[in-house]
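*Asks:* Dropping the structure in here first, questions after.
The values are calculated or read from the model by the stated rules, or taken from the named source; none is laboratory data. Because the structure is predicted, anything quoted here is derived from the model rather than measured. Cβ coordinates were reconstructed from backbone atoms using ideal geometry, including for glycine residues, and neighbour counts include every protein chain displayed. Areas reflect the complete protein model, heavy atoms only, side chains present, ligands, DNA and RNA absent. Shrake-Rupley method; radii C 1.70, N 1.55, O 1.52, S 1.80 Å.
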Amino acid sequence: MKDHKHTSEHLKLGGARRWALAFGLFTALLTSLPYLAAFANGGDGWVFSGFLFAVDDGNSYIAKMLSGTSGAWLFRTPYTAMQQEGILAYAPYIILGKLAAPPELHLQLVVIYHLFRVFAILVCVVATYEFIARIVPVEGYRRIGTLLAVFGGGLGWVPVVLGDGSWLGSLPLDFFSPETFGFLAFLGVPHLLMGRAFLFWGLLAHLDGKGWSAGLLLLAGSFFNPLVIPVAGVVLGAHLALSVILRLKSAGPDFASAIRTGMVLSPMVVYVVWKTISDPFLRAWSAQNTIFSPHPLHYLLAYGVLLFWVILGIRKAFQQKDREQVLVAGWAIMLPVLAYAPYQLQRRLPEGVFVALLSLAFSWLSIRGEVALRRLGPLLLMFPSSVLLLAGVWSLANQPDRPVFFLENYVEAFSHLVETAPPDAVVLSSKDTGNALPAYVPLRVVIGHGPETVGFAELESQVEAFYNGAMGKIERDRFLADQGVDYIVLGPLEDRPGGWQGENAQGWVMVYERAGVRIFSLSP
């Protein structure tokens, strides 16, 4: 085996591992500081949600953890009144929720979430370094590649700085897609980090010819991110196809290894497909849970700095018929297929490809065997997006306002529901209140989360019509009955001039009133 092939013995060298762990600790500290600032800035009527971006999703993660605290093992979303059978999904959050117990559940769950985030950062940084080290022979380039995998972005900052944040109909990928790069995931999405780490380890096991181990690692990754399985399938398929085309001697053993991997993963694939087809809730959820990729030029903007080096890296892999480099070359070539596959979550499928592109680029740059800093000037263009993101969350942490912070009077009202509401009760509120409520109370809401609220678009207009008084009494009573509503929240986020105030609402009694928030209950 050539000297630049880096086996597991090399990866066990203490210096490299220590560097990766130290860099992971630095990343964890840097990304945790704005959260600590936000916690410190709570009070005066505001409660920190625990999240500095994608707060709707963040509240849903805490709600999943709270369901685990309440005894659940299967996932049933609290963001719909629709009955559900439950599915084996979001297991890490449900299990983590079992570590918490009253009182101060919400605070405990948020702290546990961020401890999980710190752990996931360490795991993912190490896995990222190990994957890059397998492809890139020069230690300096490995470390620079890992640095970029964590803090790097694309040129999305250019249209933002120029005032065109919706270029070609979309915010640049740097600022909203944790799959396209890495920084957003390190900043706040730990399950993606864990899934990515196991994806890298699974592919490394495949390169070692350990098909069974690869399957188990990828299966573990799918518990954090189910899309690990289709992404790995595409990468392994491309690797096998290129191995045949290039007539690599390893094609036969690699095919046998991939078969073993597929045997391990197939029961999970069958289970997910069966549940998605047979479960009415999952069918409805899948139909409306669409995350499409933006215009193709956004991907060129995202990866353009690396593109020249990536092309040279692919050519080098093909010329040298390097089996390991061929794997990442195939991954890079399949990027357009992943990003625009006929699948409703297509934007999520390029998961991890940024690291493959970095590996190819630095593999080519390593030809001369030393780190040539004069060549790396363009890489500085890959940091401004992350700097802008970090500055943005710092600003949000220091200016209490919704949605990063939530109104304290509502949180006090939620405490009343914790003490009095029966399990599985359904609460009607505005969408914003409904998003936060299940993170504090293990109850269901009519509306609260775009993808997880079945029929969100229609319900949003119906809820607004209920509160603004546009619904007549008969229509209002039918709506409440259809949704099985047990409680109605009426506070500043629901109150509309001339709208529903609870007066003369037959069958409904006010059971809570404080600081401008009222709760009505359906009397027995």
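*Asks:* How many residues does region 289-301 contain that are in a helix (DSSP H, G or I) and open to solvent by 60 Å² or more (accessible area, probe 1.4 Å)?
*Replies:* So the answer is 3.
*Asks:* Taking the criterion of being farther than 30 Å from LYS321 by Cβ, open to solvent by 30 Å² or more (accessible area, probe 1.4 Å), assigned to a helix (DSSP H, G or I) and without any contact (Cβ under 8 Å) to a residue 60 or more places away in the chain, would at least one residue in region 357-373 satisfy it?
*Replies:* Yes, there is a match, as at least one residue in region 357-373 is farther than 30 Å from LYS321 by Cβ, open to solvent by 30 Å² or more (accessible area, probe 1.4 Å), assigned to a helix (DSSP H, G or I) and without any contact (Cβ under 8 Å) to a residue 60 or more places away in the chain.
*Asks:* Go through the residues of region 68-90 one by one and say whether even a single one is of a type in the set (A, V, I, L, M), in contact (Cβ under 8 Å) with a residue 40 or more places away in the chain and open to solvent by less than 10 Å² (accessible area, probe 1.4 Å). Steps first, please.
*Replies:* We begin by selecting, within region 68-90, every residue of a type in the set (A, V, I, L, M); these are 72, 74, 81-82, 87-89.
Within this subset, residues satisfying the condition of being in contact (Cβ under 8 Å) with a residue 40 or more places away in the chain are 81-82, 87-89.
Those left that are additionally open to solvent by less than 10 Å² (accessible area, probe 1.4 Å): none.
Checked region 68-90: no residue is of a type in the set (A, V, I, L, M), in contact (Cβ under 8 Å) with a residue 40 or more places away in the chain and open to solvent by less than 10 Å² (accessible area, probe 1.4 Å).
*Asks:* Do you know which of the residues in region 505-522 that are in contact with a helix residue (DSSP H, G or I) (Cβ under 9 Å, 6 or more places away or on another chain) and farther than 17 Å from TYR410 by Cα is surrounded by the fewest Cβ atoms within 10 Å (Cβ to Cβ)?
*Replies:* GLN506
*Asks:* Being of a type in the set (Gly, Ala, Ser) and either open to solvent by 20 Å² or more (accessible area, probe 1.4 Å) or modelled with pLDDT under 95 (or both) is the filter here; which residues of region 134-160 pass it?
*Replies:* Passing the criteria: only GLY140.
*Asks:* Give region 36-50 a look and list any residue that's under 20 Å from ALA100 (Cα atoms), touching a residue at least 60 places away in the same chain (Cβ under 8 Å) and open to solvent by 10 Å² or more (accessible area, probe 1.4 Å), or say none.
*Replies:* VAL47, PHE48
*Asks:* Something else: Can you list the strands (runs of 3 or more DSSP E) lying wholly within region 377-493 that have 2 or more residues being open to solvent by 30 Å² or more (accessible area, probe 1.4 Å) and among the charged types (D, E, K, R)?
*Replies:* No strands (runs of 3 or more DSSP E) qualify here.
*Asks:* Considering LEU148, LEU96, which residue is farther than 25 Å from GLY58 by Cα and part of a helix (DSSP H, G or I)?
*Replies:* Unique residue meeting the criteria: LEU148.
*Asks:* From (1) under 23 Å from the mean Cα position of the chain (by Cα); (2) open to solvent by less than 30 Å² (accessible area, probe 1.4 Å); (3) more than 23 Å from LEU217 (Cβ to Cβ), pick out the condition that doesn't hold for ASP279.
*Replies:* In the conditions (1) under 23 Å from the mean Cα position of the chain (by Cα); (2) open to solvent by less than 30 Å² (accessible area, probe 1.4 Å); (3) more than 23 Å from LEU217 (Cβ to Cβ), ASP279 misses (1) alone.
*Asks:* While we're here: Give region 208-225 a look and list any residue that's more than 24 Å from PRO342 (Cα to Cα) and open to solvent by less than 10 Å² (accessible area, probe 1.4 Å), or say none. Show your work before the answer.
*Replies:* Taking region 208-225 as the starting set, the residues that turn out to be more than 24 Å from PRO342 (Cα to Cα) are 208-217, 220.
Those that are more than 24 Å from PRO342 (Cα to Cα) and open to solvent by less than 10 Å² (accessible area, probe 1.4 Å): GLY211, ALA214, GLY215.
*Asks:* All but one of (1) open to solvent by 10 Å² or more (accessible area, probe 1.4 Å); (2) touching a residue at least 60 places away in the same chain (Cβ under 8 Å); (3) under 24 Å from LEU25 (Cβ atoms); (4) in contact with a Gly (Cβ under 8 Å, 6 or more places away or on another chain) hold for PHE175; which doesn't?
*Replies:* (3)
*Asks:* Quick check, is GLN344 closer than 23 Å to SER60 by Cα and in contact with a Ser or Thr (Cβ under 8 Å, 6 or more places away or on another chain)?
*Replies:* Answer is yes for this residue.
*Asks:* In region 38-93, how many residues are closer than 29 Å to PHE183 by Cα and in a helix (DSSP H, G or I)?
*Replies:* Going through region 38-93 one residue at a time, the tally reaches 20.
*Asks:* Hey, could you check region 302-338 for residues that are of a type in the set (Phe, Trp, Tyr) and closer than 22 Å to GLY153 by Cβ and say which is surrounded by the fewest Cβ atoms within 10 Å (Cβ to Cβ)? Talk me through it step by step, then tell me what you get.
*Replies:* In the first step, residues of region 302-338 are kept if they are of a type in the set (Phe, Trp, Tyr); the result is 303, 308-309, 318, 331.
From what is left, the residues that are closer than 22 Å to GLY153 by Cβ are 303, 308-309, 331.
Numbers: TYR303: 24, PHE308: 12, TRP309: 20, TRP331: 25.
The qualifying residue surrounded by the fewest Cβ atoms within 10 Å (Cβ to Cβ) is PHE308.
*Asks:* Of all residues in region 226-259 being polar (S, T, N, Q) and surrounded by fewer than 24 Cβ atoms within 10 Å (Cβ to Cβ), which is nearest to VAL326 (Cα to Cα)?
*Replies:* Taking region 226-259 and keeping what is polar (S, T, N, Q), we get 243, 250, 257.
Now restrict to residues that are surrounded by fewer than 24 Cβ atoms within 10 Å (Cβ to Cβ): 243, 250.
Working: SER243: 8, SER250: 11 Å.
It comes out as SER243.
*Asks:* Do you know which of the residues in region 151-193 that are among the hydrophobic types (A, V, I, L, M, F, W, C) and in a loop (DSSP other than H, G, I, E, B) is farthest from the chain's Cα centre (by Cα)?
*Replies:* Once the filter is applied, the top-ranked residue is LEU162.
*Asks:* Related question: Would you point out the residue of region 11-50, among those that are of a type in the set (A, V, I, L, M) and closer than 16 Å to LEU147 by Cβ, that is farthest from the chain's Cα centre (by Cα)?
*Replies:* To start, the set of residues in region 11-50 that are of a type in the set (A, V, I, L, M) comprises 11, 13, 16, 20-22, 25, 28-30, 33, 36-38, 40, 47.
Right, trim to closer than 16 Å to LEU147 by Cβ and you get 16, 20-22, 25, 28-30.
Numbers: ALA16: 28, ALA20: 23, LEU21: 23, ALA22: 24, LEU25: 21, ALA28: 17, LEU29: 20, LEU30: 19 Å.
Checked region 11-50; the qualifying residue farthest from the chain's Cα centre (by Cα) is ALA16.
Residues are listed down the side, and each one gets a yes or a no for (1) in contact (Cβ under 8 Å) with a residue 60 or more places away in the chain; (2) in contact with a Ser or Thr (Cβ under 7 Å, 6 or more places away or on another chain); (3) among the hydrophobic types (A, V, I, L, M, F, W, C):
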residue	(1), (2), (3)
ALA197	yes, no, yes
LEU216	no, no, yes
LEU219	no, no, yes
PRO230	yes, no, no
VAL235	yes, no, yes
HIS239	yes, no, no
LEU242	yes, no, yes
ILE245	no, no, yes
ALA251	no, yes, yes
